[in-house]
Amino acid sequence: MKLSTYFRSSASYRVRIALGLKGLSWEPDYVNLPKGEQRDADYLGINPQGLLPALTTDEGGVLTQSLAIIEYLEETHPTPALLPSSALDRAKVRAMAQLIACDVHPLNNLRVLKYLKNPLGHDQATVDDWYRHWVVEGLQALEVMVKDYSDGKHCFGGEPGLADICLVPQMWNARRFAANLESCPTLLAIDAHLQKLPAFAAAAPEGQPDAF
Ligand SMILES: N[C@@H](CCC(=O)N[C@@H](CS)C(=O)NCC(=O)O)C(=O)O
């Protein structure tokens with residue numbers, strides 16, 4: 001499999017974690033976001049949205065959208081499971097994952113932050129405030145949601161799953177923008193535990209060969 005990825009892309013980071021948890025090997029196709037390579041014609045041929053990640057399967061199928069890619073991996077390689085066995089629990093885990101992937105992350109994506117500056121004319125400090133506002137608001141809600149289901153090391157239950165895969169990259173990004181996460185002690189504890197697991201550590205931005 002080939003993964004179009006960038007070390008600091010949190011949606012790519014999610015897929016890197018999922019591939020690691022499933023024990024699947026992959027080849028990187030590095031796409032440099034600050035240089036705008038996601039808008040190159042070659043990459044738009046892979047993902048017309050001009051967004052990372054994209055996964056090219058061994059059969060030549062091209063998949064986009066990190067959650068769709070992870071659900072594909074879950075269906076094709078069911079062990080270890082990233083989703084619980086009951087429909088009710090799966091819906092709860094998907095809600096946690098979507099809180100991050102659908103409600104927090106899109107507001108803080110590179111193209112949105114760039115648009116706030118140009119053409120809207122906001123300065124870097126205002127853009128950073130925007131970032132921190134939405135990430136803290138979202139994570140504070142997740143902090144409440146996980147309380148009934150977390151063992152203190154995972155968002156739901158006793159094994160890493162889809163919600164954890166979304167949480168760790170979002171926490172990494174939040175720290176990058178110096179967001180104050182003191183109001184999310186459960187998430188901080190979960191994140192600290194997960195970061196030490198091999199699949200999470202191997203997927204971290206710092207360990208990617210395209211990190212600079
Ligand atoms: N919903 C998409 C989001 C993809 C996305 O926004 N990717 C970011 C990197 S994390 C990107 O490629 N941004 C490029 C840009 O904003 O120009 C997913 O989960 O895959």
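The values are calculated or read from the model by the stated rules, or taken from the named source; none is laboratory data. Just so you know, these numbers come straight off a predicted model, no measurement behind them. For neighbour counting, all protein chains shown are included, and Cβ atoms are generated from backbone atoms with ideal geometry for every residue, glycine included. Side chains are part of the model used for accessible areas, which takes the heavy atoms of the whole protein and leaves out ligands, DNA and RNA. Shrake-Rupley method; radii C 1.70, N 1.55, O 1.52, S 1.80 Å.
A few points about this structure:
- FRET efficiency estimate (nearest 0.05) - Cβ-Cβ, Asn32 to Glu159, R0 30 angstrom: 0.30
- Area of Arg94 that stays accessible when all protein chains are in place (1.4 Å probe, Å², to 10): 80 Å²
- Estimated dipole of segment 3-97 in Debye, rounded to 20 [Cβ of Lys and Arg +1, of Asp and Glu -1, Cα centre]: 500 debye
- Surface calculation, 1.4 Å probe, protein heavy atoms: Glu206 sits at approximately 130 Å² accessible.
- Dipole of segment 36-126 [Lys/Arg +1, Asp/Glu -1 at C-beta], most positive-end residue of Thr76, Gly36, Thr126: Thr126
- 3J(HN,Hα) from dihedral phi, segment 159-164, Karplus parametrisation 6.51/-1.76/1.60, rounded to Hz, x for glycine, proline: 10, x, x, 4, 5, 5
- Distance between the modelled labels on Asn180 and Lys114, one decimal in nanometres: 3.2 nm (7 Å Cα→Cβ projection).
- Charge dipole (Cα centre; +1 on Lys/Arg Cβ, -1 on Asp/Glu Cβ; no other charges) of segment 87-200 amounts to roughly 340 debye.
- Between Gly23, Gly50, Gly36, the GNM of the chain built on Cα springs shorter than 10 angstrom shows Gly36 fluctuating the most.
- FRET efficiency, 1/(1 + (r/R0)^6) with R0 30 Å, evaluated for Gln195 and Asp42 via beta carbons: 0.35
- To the nearest 10, the accessible area of Val62 is 70 Å² with a 1.4 Å probe.
- Å³ per residue enclosed by the Cα convex hull of the chain: 119 Å³
- Within a Gaussian network of the chain (alpha carbon springs, distance under 10 Å), most fluctuating of His105, His122, His77: His122
- Here the chain is treated with +1 on each Lys and Arg Cβ and -1 on each Asp and Glu Cβ, and its dipole about the Cα centre works out to around 280 debye.
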